[in-house]
1. So what are the ³J(HN,Hα) numbers for segment 23-37, from phi and the Karplus equation (6.51, -1.76, 1.60; θ = phi - 60°), rounded to whole Hz, Gly and Pro as x?
2. Quick check: pseudo-label points 7 Å beyond the Cα along Cα→Cβ at T30 and A61, how many nm apart are they?
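FYI, it's all coordinate maths here, none of it is from the lab. No experiment lies behind these values; they were computed from the predicted model shown. Every residue, glycine among them, receives a Cβ derived from its backbone with ideal geometry; neighbour counts consider all protein chains shown.
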Amino acid sequence: MTAPENWQKSSFSGGADGNNCLELASTPTTLHLRESDTPAVVLTTTPTPLTHLLDAIRAQAL
């Protein structure tokens, strides 16, 4: 599988070098996540499992 080229950095990326952040890219059926300091390691998922993970994280933060 070929990784997408449309990587976007998180709006919460901080620091002077801008290399400490999460990047996200999408294709019609999948989402790809990576850390900017290790771009060769890519996590691939679909929207539904990622939505469940984010919902669970939000529920814990309450």
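1. Working through the residues one at a time gives 10, 10, 9, 9, 10, x, 10, 9, 10, 10, 10, 8, 8, 5, 7 Hz.
2. Roughly 2.7 nm, to one decimal.
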